[in-house]
Amino acid sequence: MEKLNELEALAKQCTSMKVDVNTDAAYANFITQIEPEHIIDIAEHVRELEQRAEASEAKLAELDKQEAIFQVEVSGNHWLNAGPVDDSDFTGLPDGVNLLYARPVPAVNLADLVPDGWKLVPIEPTKRMIIDGFESEPSEFWNTPEEWESYQAMSGCGQAAHKTRLCWAAMLAAAPEVK
C-alpha cells in the first residue's frame, strides 16, 4: 500500500505540472509507461476495498460479542431438536446445530469506519456548504498578493481546477459532522 501511495502522489504531481522529457528521465519514464489517472483510480479503489474490509471486520467483532439464547439442530430439511441455551458446553454437538440470537447485530458507527483524510458528507449540500463553496473564489481583495499573483499566472484550466479545489475544501469544512 505504501508503494501505491507513492505512485499516486507521483501521478498527481505529473498531472499538475508539465514535465520536461529531456531533463527529467524518471518522470518521462513514468509517463510513458503508465497513465497517472489510472494510478489515482487504482488507489481510490484499493481504499474503498480497505474500507469495506474494515466494516466487515467490525461486524464480525460484534457477532463474536453476542450470546446464543436458543438452539435448533437441523438434519436436511427437518429440525431434530430445539431448546433454550443454558450454560452447557456445546463442543460435543454434532454438525448441523444452529444458534439463534436475541437481537440483531448492533449497527456499526459509520463515522468510526471513515479512513483518515476522508469525511462523510450529505448527498445534498447544506445551505452553509453552498454559500461557503460559492464564496471560496480567489479575490484580489481577500487573498494575499502572492496568492493572487500565483492565481493570475495560472492558465484558464489551472484557474478552474484551483477554484474547484477551493470550493471543495470550503464545502467540506462547512459540512455537518457525523455523530
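The table below gives the values:
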quantity	calculated
Filtered residue count, the range 67-102, keeping only those that are part of a loop (DSSP other than H, G, I, E, B) and either at pLDDT 75 or above or more than 30 Å from L113 (Cα to Cα) (or both)	14
Whichever residue in the range 35-60 is surrounded by 11 or more Cβ atoms within 10 Å (Cβ to Cβ) and of a type in the set (G, A, S) and, among such residues, is farthest from D112 (Cα to Cα)	A43
Helices (runs of 4 or more DSSP H) contained entirely in the range 1-66, each with at least 2 residues that are at pLDDT 80 or above	36-65
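The values are calculated or read from the model by the stated rules, or taken from the named source; none is laboratory data. Predicted, not measured: the structure shown is a model, and the values here were computed from it. With ideal geometry, Cβ positions are generated from the backbone for all residues, glycine too; neighbour counts draw on all protein chains shown.
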